[in-house]
Amino acid sequence: MVFTKLKLFSLLTLITCLLVFSASPASAQDSTSTNGSRTVASGQKMKIKGVVTRRDADTFTVRDLNGVDTVVRLDDRTSVKTNGGFLRSGSNFAQTNILRGLNVEVEGRGNGSGELAAEKVRFKESDLRVARAVESRAAPLEERASSTETKLSQVEANAQRLSGQLDELAAVSNAARGGAKAAQDTADAAVAGVNATNARISALDDYEPQSVAAVNFRSGSAVLSPDSKTTLDDIATKALNAKGYVLEVSGFADTNGSVERNRLLSQRRADAVIRYLVENHSIPLRRIITPYGYGETHPVAENTSREGRAQNRRVEIKLLVNKGLTGPAPSMNRSGS
């Protein structure tokens, strides 16, 4: 009887220890807020993979496949290298080569600010070439956006001055005998012109899809078929005849193969579409939004059938047109003219 009690006590002790040890890792996990950002506990070791979405002086933000952002901090001890191949180590790179759009793998520990202090940053040389091309396209777009912002400020200032002039026009029209109605019509037309100008300014950052097309690929392939090229010829013609357009290119894959292989395959398919549009139709790079390979996510059909998988092996091309540039220019029509 004593022996049975001792066995029962030992069993309860073992179960208690297992519960304690199984709970310990959970308390050390990082916390992910509902807005898609991750806070890394101080001292916690972590390894993440994703794409660089933001680059600052000493930090950069990595977004993983689940859409969660992690802020990574760099210091003098951070090792930045490419992944090594067979029987060779990777090449060292300066931290300035960590660019937006670069697929990276980061190892490090959490610091006191909830960031991941990077010890190692690894990436592929091919991904670095793509990120450099993306950065070369993004920089002119940002400069144009800054210039547009300055022009918008000037237009808003002119609109305010015009509003003040409207008040003066209203006072003069009320004082003038027989001209009240004409002055009021002029003031109304001026207000309509200001409102139309403000609406057009507000629409400068608003794009609407004018045309959407998709091209499909064979299993495991990123080669364009003749039918796919015909589809791309058609959307390129529409784009070149449009004003204020950009092209959004997104690659996808079916579920055959690993998740990482499908992500890379979908990126190669998106790159093949861009290369065809640039080389065969001279579409400017500044007109193409940064391409992205979504892998096997966002399927349009079930992957359980051959037909469904064929539909998911695709690249979607959206022709987006800027509302502010394509809309009619505001005008002031004076009554009686």
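The values are calculated or read from the model by the stated rules, or taken from the named source; none is laboratory data. Small disclaimer: the values here were computed from a predicted structure and weren't measured. Here the Cβ positions follow ideal geometry from the backbone for every residue, glycine too, while neighbour counts run over all protein chains shown. The area values use the complete protein model at the heavy-atom level, side chains included, leaving out ligands, DNA and RNA. Shrake-Rupley method; radii C 1.70, N 1.55, O 1.52, S 1.80 Å.
All other residues whose Cβ lies under 14 angstrom from that of residue 259 are scored, Lys and Arg at +1 and Asp and Glu at -1, for a net of -1. With every protein chain in place and a 1.4 angstrom probe, the accessible-area ranking of 294, 245, 276, largest first, reads 294, 276, 245. Simple spin-label model, 7 Å along Cα-to-Cβ: residue 297 to residue 109 in nm? So the label points at residue 297 and residue 109 sit 3.1 nm apart. Taking a point 7 Å from the Cα of residue 281 along the Cα-to-Cβ direction, the residues of the stretch 238-257 with backbone N closer than 15 Å to it are 238-250.
Between residue 42 and residue 260, the contour length at 0.36 nm per residue exceeds the alpha carbon distance by 75.5 nm. Were the residues from residue 138 through residue 92 laid out at 0.36 nm apart, the gain over their Cα-Cα distance would be 14.0 nm. The heavy atoms of residue 227 present about 120 square angstrom of accessible area, all protein chains included, probe 1.4 Å.
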